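The values are calculated or read from the model by the stated rules, or taken from the named source; none is laboratory data. Values in this document were obtained by computation on a predicted structure and should not be read as measured data. Every residue, glycine among them, receives a Cβ derived from its backbone with ideal geometry; neighbour counts consider all protein chains shown. Note: areas computed on protein heavy atoms with side chains; ligands, DNA, RNA excluded. Shrake-Rupley method; radii C 1.70, N 1.55, O 1.52, S 1.80 Å.
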Amino acid sequence: MSLWARISDALAALTAGESLTDVFDKLRAPPERSVAFAIAVIALGAKMAKADGQVTRDEVTAFREVFHIAAKDEAGAAKVFNLARQDVAGFEDYATRIHAMFASQPETLTDLIEGLFHIAMADGFYHPNEDAFLEEVAHIFDISDLDFRALRARFVPDATPDPYSVLGVDPALDLNDIRMAWRKLVRENHPDAMMARGVPEEAVRLAEKRMIDINRAWEEVLSTRS
């Protein structure tokens with residue numbers, strides 16, 4: 001069954017007049033968490049789109065890159081997106097509920113922020129309001145400043161990504177400690193590990209780019225230490 005077929009009940013609740021925040025509260029059980037993850041990315045992405053004042057075709061394409069959305073499911077995905085844009089609840093309310101849902105799985109919250117970075121950069125420009133939005137969501141998610149900077153270093157092309165920032169380590173660390181941090185990132189970002197923590201299969205391919213960035217950063221560190 002496709003992801004969007006599985007969220008049909010959630011969409012029915014939205015159609016019946018329930019808010020997205022109410023729907024989030026009903027998706028806490030593990031079998032429904034992949035549904036919650038998909039809705040969270042789209043809902044927060046819609047709120048972020050309002051942050052820079054416009055929704056571009058590139059941002060819509062970015063959603064397609066995160067999720068396989070079949071033609072028959074496009075209307076349902078669009079409904080979630082539009083409801084999130086129109087809902088009176090602020091993004092802080094959404095983020096707080098999502099944090100509570102995945103509090104025992106902080107890696108999933110990082111996955112979600114990564115999906116939002118992917119969408120934010122879809123038009124090739126990182127708007128200051130998007131940066132403020134993502135930084136506040138990361139704060140609500142209890143993502144450390146170091147980890148947030150590591151994500152931003154990978155996605156925002158304002159300078160050559162610092163390999164230590166990408167790996168989330170202090171350059172003063174011993175090479176063996178950096179190697180341990182790199183191996184930990186590789187383990188955490190294995191597709192099987194991501195799916196085990198409730199990330200939908202459709203979103204796992206975000207990890208492909210992530211693994212390339214992580215391994216490239218490690219190779220750069222090795223080259224400068226040898």
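Of the residues in the range 153-168, not one is aliphatic (A, V, I, L, M), part of a loop (DSSP other than H, G, I, E, B) and touching a Ser or Thr at 6+ places or on another chain (Cβ under 9 Å). Taking first residues from the range 35-52 that are among the acidic types (Asp, Glu) and partners that are modelled with pLDDT of 75 or more and open to solvent by 10 Å² or more (accessible area, probe 1.4 Å), the Cβ contacts under 8 Å between residues at least 6 apart in sequence or on separate chains come to Asp52/His127; Asp52/Asn129.
Sort out which residues of the range 88-125 are of a type in the set (A, V, I, L, M, F, W, C) and over 20 Å from Glu208 (Cα atoms), and write them in order of number. Let's see the steps before the verdict.
If we filter the range 88-125 for residues that are of a type in the set (A, V, I, L, M, F, W, C), which is where we start, we get 88-89, 91, 95, 98, 100-103, 109, 112-113, 116-117, 119-122, 125.
Hits for the range 88-125 are Val88, Ala89, Phe91, Ala95, Ile98, Ala100, Met101, Phe102, Ala103, Phe125.
Among the conditions (1) surrounded by 16 or more Cβ atoms within 10 Å (Cβ to Cβ); (2) modelled with pLDDT under 90; (3) farther than 21 Å from Thr21 by Cβ, Ile178 misses just one, which is (2).
Can you work out which of the residues in the range 128-162 that are touching a residue at least 60 places away in the same chain (Cβ under 8 Å) and not β-branched (Val, Ile, Thr) is most open to solvent (accessible area, probe 1.4 Å)? Outline the logic, then answer.
Within the range 128-162, the first condition is being touching a residue at least 60 places away in the same chain (Cβ under 8 Å), and the residues that meet it are 129-130, 132-134, 137.
Next, only the ones that are not β-branched (Val, Ile, Thr) stay: 129-130, 132-134.
Working: Asn129: 77, Glu130: 1, Ala132: 57, Phe133: 10, Leu134: 0 Å².
By that ranking, first place goes to Asn129.
As a summary of the residue check, Val169 satisfies the conditions (1) of a type outside the set (Ser, Thr, Tyr); (2) in contact with a helix residue (DSSP H, G or I) (Cβ under 6 Å, 6 or more places away or on another chain); (3) under 19 Å from Lys47 (Cα atoms) except for the one numbered (3). Taken over the range 89-109, the residue count meeting the criterion of being open to solvent by less than 50 Å² (accessible area, probe 1.4 Å) and among the hydroxyl-bearing types (Ser, Thr, Tyr) is 2. The residues of the range 184-193 that are surrounded by 12 or more Cβ atoms within 10 Å (Cβ to Cβ) and either among the basic types (Lys, Arg) or over 14 Å from Ala207 (Cα atoms) (or both) amount to a single one, Lys184. Filtered by the rule that a residue be over 28 Å from Ser104 (Cβ atoms) and of a type outside the set (A, V, I, L, M, F, W, C), the range 132-158 gives Pro157, Asp158.
Of all positions in the range 48-66, none carries a residue that is modelled with pLDDT under 75, crowded, with 21+ Cβ neighbours inside 10 Å and part of a loop (DSSP other than H, G, I, E, B). Look at (1) open to solvent by 20 Å² or more (accessible area, probe 1.4 Å); (2) over 23 Å from Lys184 (Cβ atoms) and you find that Ala120 fails only one, number (1).
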